[in-house]
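Data block below; observations after.
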Amino acid sequence: MSTSPLWARATLALRLLAVDPGGLAGIWLRARPSPVRDRLLAALPALPLPVRRLHPSVGDEALYGGVDLAATLAAGALRRSAGVLGRPAALVLPMAERATPGLAARLALALDSGAGHCLIALDEGAGADEALAPALADRLAFHLDLGPVGLREAPAFAPDAGALAAARAALRAVSVPPGAMADLARVAARLGIGSLRTPLLALRAARALAALDGRARVATADLRQAVELVYAPRATELPEPDPAPPDPAPPDQDRPETGDDGRTGAGDLRLPEELLLEAVAAALPADALARLAAARAARGARGSGAGAVQKGNRRGRPLPSRMGRIDGQARIDLVGTLRAAAPWQGVRRRERPGRDGLQVRPDDIRLKRFEDRSDRLLVFVVDASGSAALARLGEAKGAVELLLAEAYARRDHVALIAFRGTGAELLLPPTRSLVQTKRRLAGLPGGGGTPLAAGLRAALDLSLQARGRGMSPAVILLTDGRANIALDGRADRAAAAAEALGLARGLRARGIPGLVIDTGARPERALATLAGALDAPYLPLPRADARRLSAAVAAALGD
Amino acid sequence: MTQPFPFAAIVGQDEMKRALILTAIDPRIGGVLVFGDRGTGKSTAVRALAALLPPIRAVEGCPVNSPRPEDIPDWAQVPSRRIVSRPTPVIDLPLGVTEDRVVGALDIERALTRGEKAFEPGLLARANRGYLYIDEVNLLEDHIVDLLLDVAASGENVVEREGLSIRHPARFVLVGSGNPEEGELRPQLLDRFGLSVEVASPKDIEARIEVIRRRDAYESDPEGFLRRWKREDGRIRTRILAARAALPALATPEAVLRDCAELCVALGSDGLRGELTLLRAARALAAWEGAAEVARAHVRTIAPSALRHRLRRDPLDEAGSTVRVGRVVEEVLG
């Protein structure tokens, strides 16, 4: 069995990281726990750093260190425990997709600090919407995916420690041909890579490649390989396979003007951009663009899936406790309180000699804090106008009912807004009652004009209200999209459409995720535009049955 | 990191650099918020600023950088009365910081070893008369934000622990940076920042190449690179000092006051903070440019930075706040 190219890339990335751990910052490894992954991780001791394991909910005390109370009391002098970040280390973060933005920011700071840390983020995310925080992904040189690699395609791999050490020693002396940076920057721009860290990481990778090869100068092949490793997984757009002549021309025109030194000496130093682009294209999987689109869609709908994070003192995942007063609401962190009180016992006893036992003062009180996911609220905005009624109000009702059953299972709240005639009506304020919702829905009459803007405004108001009460709203619009009644009740098709668009943008500006379901007999172009303004998925369902509709909603809002 | 990247060597990002320089000229402008994409040099610029700022004169060994011996708070035991020159403090407030680290706490070590109650000043004390920098400010814990708001408003930090009441001045320029994709900032904190800047990665390919080239030169040979840019940084520092000296004598014509007020009314920004900041920033800009008086052009240049984070969100207006400020500036100032 031949070696998988993905495996070859992974082992090369690991060796490069061992050559320049601080500079290349690390690897984003997408793979479930598997023998293949274990085989790669077994080579981690090749890194010239101690390997430290983290946990996605690692606390600040573990990261930065803190007062070691047991040692302090025993010694009678302050003893601090060392944090993981105290010394340069190869940090291994399993379940990296679950790391909070806060942890990602802390790790990003640690990587930026120049202390020489590197990070191996093991991303075990299942779908495109579950992934490493972008702040970290941006800083890590190598993005690898071991998912499709079988064990037999991944021969055992033992890095040559001597060669790596020699390469590390030689790294500083490796020079870069003039023009290489310009080429890296241009290729990055053409692949739609915005971050300026990426070309720098590619440059460092090229240097490490040259050092590994025992050369004192970066060669074209190094750049090719570096670009393939670093750029390919980050490309957000692909250049034309056969670029039109005007495309590569501007860089060539720029060169003489800026006096770029890319043409010094022989022509072999002039690195052809196309060559680098080819290398990237070769490394891209065939369905790259489809996956990009999926990733973008997932980003649009993010936050709707699980509700926003909320901090409180009642329930959820525990956070470090903090100082506070007893108010009957919050729960006291007894251990934290005792730990805060302990160092002061000597001083306090001297101050009040008469009192025996532990002296705890209000200052010592530590309160528990928890992080919780807020409840999701699905706001259904249903078009009950004449045109929609004629089409398929019944079907829409059926779909909503199916969704309700699902929402009930997930303990989501639902609200129902119907619009017809000249305005919108809140049929059902946010509730978890399935029966009530069904009853209201069944009694929903159809007929009249289509005041789409009024419906959207009601949805916006309700969503903001709900957010104020700690819920995470999402708006699901079911309509045939022929808006013909303006907000003031006039029958003005143009004004109605413009207002609906404006409100859709308003919803997007507030970060309220949405979904547009076209219930018309034929897909309506205006509605696709509206979905664009909402930044929401658009589902034309000309022959929808309720079950398909429900599946589509579940998929679009991300379970 | 040994030495930060030199300020003068940062390619482009003129608005961000200008905003930082203006706060160095007049700290009362009240801080800078830098929001933008990843990898655009936000934190690089702030850290570079530290090396650029002119030194301050303070009592030797004073934990709150008091300018005169009589300003030293009574809890601090400062043996020296000598005034020395020290670099303007630029203090990092890390995300995971505890309340005790920020405001200061009683010194546990002394309590345990000597049974004494002594105050150990926190980051706010160290940042007095300097800068407090928060990277990823939008991810800061709410209770730390509340604390900072409180201190920023009063200019004084009060700590009450173990029966001791300790207070010390805490006046600092708040600099925050963040990526809006990762979370919004609370409006109360937003309003505390005098200027707000949006940064994006440069679109111009030559600028991008230059960024990479300089960064690589810096990483390969930090000493040599710093030596090359030292003179440039020195020039900026001299200009900041000159502008500071010129600021009090700078004339503010009535028309400029009117412009500021009209702009703020047209934009519907809440309170008077917007007007004050706009005026102060325009004056600092005029001083930086060596003008004898503030002109409409200065107001126009600085208006987006001073006002874009003070607008009310309008659900029916999809344009970004920068565009809206630009539109109103065009309407009002013609």
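Of note:
- Peptides B:8-21, A:213-226, B:145-158 ranked from most to least packed give B:8-21, A:213-226, B:145-158, packing being the mean of other C-beta atoms within 10 angstrom over each peptide's residues.
- Distance from the alpha carbon centroid of segment B:8-44 to that of segment A:175-190 works out to 27 angstrom.
- A:S175-B:D71 pseudo-label distance in nm [points 7 Å out on the Cα-to-Cβ vector]: 5.3 nm
- Expected 222 nm ellipticity per residue - DSSP helices of 4 or more, -39500 (n - 2.57), all of chain B, to 500: -14500 deg cm²/dmol
- Between segment A:30-104 and segment A:463-502, the alpha-carbon center distance in angstrom: 49 Å
- Peptide A:341-348 - average C-beta neighbours from other chains (10 Å radius): 5
- Charge tally in the Cβ shell below 14 Å around B:L112, where Lys, Arg are +1 and Asp, Glu are -1, B:L112 excluded: +3
- Approximating the spin labels as points 7 Å out from Cα along Cα→Cβ, the A:R352-to-B:Q188 distance works out to 3.3 nm.
- Modelled FRET efficiency - R0 56 Å, A:E425 with B:E289, Cβ distances, 0.05 increments: 0.40
- Reduction of at least 50 Å² in accessible surface, 1.4 Å probe, comparing all protein chains with the chain by itself, residues of segment A:474-506: A:R505
- Straight Cα distances below 18 angstrom link A:K368 to the lysines A:K311, with same-chain residues fewer than 8 positions distant left out.
- Partners for B:K42 among lysines (Cα-Cα distance below 19 Å; same-chain residues under 8 apart left out): B:K17, B:K203
- Estimated buried accessible area (total), pair A and B, 1.4 Å, Å² to nearest 100: 4700 Å²
- With a Förster radius of 22 Å applied to the beta-carbon distance between B:L247 and B:I56, the computed FRET efficiency rounds to 0.85.
- Charge dipole (debye, nearest 20) of segment B:11-120; +1 at Cβ of Lys and Arg, -1 at Cβ of Asp and Glu: 340 debye
- Threshold 20 Å² - residues in segment B:171-213 whose accessible area is reduced by that much or more when the chain is no longer isolated, probe 1.4 Å: B:E182, B:S201, B:I205, B:E206, B:R208, B:I209, B:V211, B:I212, B:R213
- Only Lys, Arg, Asp and Glu carry charge here, each on its Cβ (+1 for the first two, -1 for the last two); on that basis chain B has a dipole of about 1340 debye about its Cα centre.
- Relative contact order %, chain B, counting alpha carbon pairs below 8 Å whose residues are six or more apart: 21 percent
- The local environment of A:L338, defined by Cβ-Cβ distances under 11 Å, has a net charge of 0 under the rule Lys, Arg +1 and Asp, Glu -1.
- Bridge orientation summary for segment B:81-239: considering DSSP beta bridges with both residues in this region, about 50 percent are antiparallel.
- Cα gyration tensor shape for segment B:215-320, rounded if a/c is under 1.5, else prolate or oblate: oblate
- For segment A:140-188, a reduction of at least 10 Å² in accessible area between the chain on its own and the assembled protein chains (probe 1.4 Å) is found at A:R172, A:M181, A:A182, A:A185, A:R186.
- Among B:E99, B:E160, B:E289, residue whose mean-square fluctuation peaks in a GNM of chain B (springs only between Cα atoms under 10 Å): B:E160
- Lysines whose Cα lies under 20 Å from that of A:K397, excluding same-chain neighbours fewer than 8 positions away: A:K438
- Accessible area per residue for chain B, computed on protein heavy atoms with a 1.4 Å probe, is 44 Å².
- Peptide ranges B:249-257, B:209-217 listed from the most packed, as the mean C-beta count within 10 angstrom indicates: B:209-217, B:249-257
- Taking label positions 7 Å along the Cα-Cβ direction at both B:L164 and A:A509, the computed distance is 5.1 nm, reported to one decimal.
- Charge tally around B:A284: other residues with Cβ under 13 Å, Lys/Arg +1 each, Asp/Glu -1 each, net +4.
- For segment A:376-557, accessible area per residue (1.4 Å probe, heavy atoms of protein chains only), Å²: 40 Å²
- Segment A:191-215 versus segment B:202-279: alpha-carbon centroid distance in Å: 32 Å
- Average beta-carbon neighbours from other chains, 10 Å sphere, peptide A:95-107: 3
- Dipole moment magnitude, nearest 20 debye, segment A:1-154 about Cα centre, only Lys, Arg, Asp, Glu C-beta charged: 440 debye
The values are calculated or read from the model by the stated rules, or taken from the named source; none is laboratory data. Values in this document were obtained by computation on a predicted structure and should not be read as measured data. For neighbour counting, all protein chains shown are included, and Cβ atoms are generated from backbone atoms with ideal geometry for every residue, glycine included. The protein model used for the area step is the full one, side chains on, heavy atoms only, and it has no ligands, DNA or RNA in it. Shrake-Rupley method; radii C 1.70, N 1.55, O 1.52, S 1.80 Å.
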